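Each value in this text was obtained by applying a stated rule to the coordinates, not by laboratory testing. Quantities reported herein were computed from a predicted structural model and do not represent experimental measurements. Reconstructed Cβ throughout: ideal geometry from the backbone, glycine too, with neighbour counts over all protein chains shown.
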């Protein structure tokens with residue numbers, strides 16, 4: 001009985017350990033990344049993406065996104081320990097140590113590149129490496145601590161997934177793929193600044209110069225409104241260049257006006273009362289906008 005109980009305890013311990021490794025990859029973020037990469041793949045071809053390209057492309061992109069997230073945990077463990085939202089993560093909590101997390105991150109990155117080079121194409125592997133370095137090294141190690149515009153420039157790396165999906169299928173960079181990346185690039189600042197407004201005290205305590213910390217709430221809210229207006233214009237470009245048709249246009253107009261309306265309400269509100277509602281709408285906005293792109297693409301109503 002004692003041996004059986006010991007074996008059960010060890011099994012549970014191993015399961016908990018691997019769950020914490022899985023948490024290092026920020027699975028919810030990776031899921032959104034894979035969704036936008038999938039959209040890029042599907043929009044790149046009039047038919048269905050070949051299954052090997054679909055599987056290995058998403059696998060390689062997902063592994064690299066998880067690697068970047070894990071390395072972010074390693075670099076930000078001191079900051080994470082100071083913030084209520086992140087102090088329960090595997091490294092600040094002491095469930096994992098930085099050395100094992102670093103090995104795990106680099107291992108995922110290496111497997112990602114191998115998968116993409118062998119089973120997809122070298123261009124996608126190269127661009128995925130660029131995105132990894134941009135997020136995990138340039139943004140996390142430097143920009144995040146150096147400038148209140150950190151999320152703007154760091155957003156370049158975060159905007160890459162749909163372009164990666166596009167190149168995985170076509171083997172080339174095109175205007176359409178770049179436009180998909182531009183959509184996410186412009187969407188990222190108002191999305192993240194809304195969350196930063198709510199978490200501004202934690203960022204200040206951690207010494208991270210997020211815009212609400214350095215420039216105050218009113219300025220940040222105004223920037224969110226400006227970016228939502230810019231996003232509204234950019235979101236119409238797929239229709240303008242005949243990449244999508246009227247179904248997408250209707251969706252983009254409705255969603256874009258909703259984002260602008262939410263941003264105006266945030267600007268006119270007191271404190272951070274509507275910050276999380278704006279953040280929540282931004283997540284819904286991107287998901288539904290890309291769903292409209294797919295629906296328009298396959299229904300062919302244009």
Extension gain (nm, one decimal) between residue 20 and residue 237, 0.36 nm per residue minus Cα-Cα:
74.0 nm
Linear extension gain, residue 153 paired with residue 201, 0.36 nm per residue minus alpha-carbon span
15.0 nm
For the chain, compute Rg over Rh where Rg is the Cα radius of gyration and Rh is the Kirkwood radius from the inverse mean 1/r over Cα pairs.
1.00
Extension length gain for residue 106 and residue 174 (0.36 nm per residue less Cα distance), in nm, is 21.5 nm
Sites residue 78 and residue 265, calculated FRET efficiency, Cβ-Cβ separation with R0 30 Å, nearest 0.05
0.25
Could you work out the relative contact order of region 89-237, using alpha carbon pairs under 8 angstrom and six or more residues apart, expressed as a whole percent?
19 percent
Quickly estimate the mean residue ellipticity at 222 nm for the chain, helices only: each DSSP H run with n ≥ 4 gives -39500 (n - 2.57), and the total goes over all residues, rounded to 500.
-25500 deg cm²/dmol
What whole number of Å gives the distance from the Cα centroid of region 55-82 to the Cα centroid of region 88-118?
7 Å
Please work out the FRET efficiency for the pair residue 51 and residue 215, using the Cβ-Cβ distance as r and a Förster radius of 51 Å; give the result to the nearest 0.05.
0.55
P(r) over all Cα-Cα pairs of region 12-173, 10 Å bins from 0 to the longest distance, whole percent per bin, short to long, reads 11, 38, 33, 15, 3
Note down the relative contact order for the chain as a percent, whole number, built from C-alpha pairs under 8 angstrom at least six residues apart.
18 percent
Using Cα pairs closer than 8 Å and at least 6 residues apart in sequence, work out the relative contact order for region 178-302, in percent.
31 percent
Using Cβ counts within 10 Å as a stand-in for footprinting exposure, how do 24, 32 rank, fewest first?
32, 24
Based on the alpha carbons, how large is the Rg to Rh ratio for region 178-302 when Rh follows Kirkwood?
1.04
Of 270, 202, 172, the most mobile residue in a GNM of the chain (C-alpha springs, cutoff 10 Å) is 270
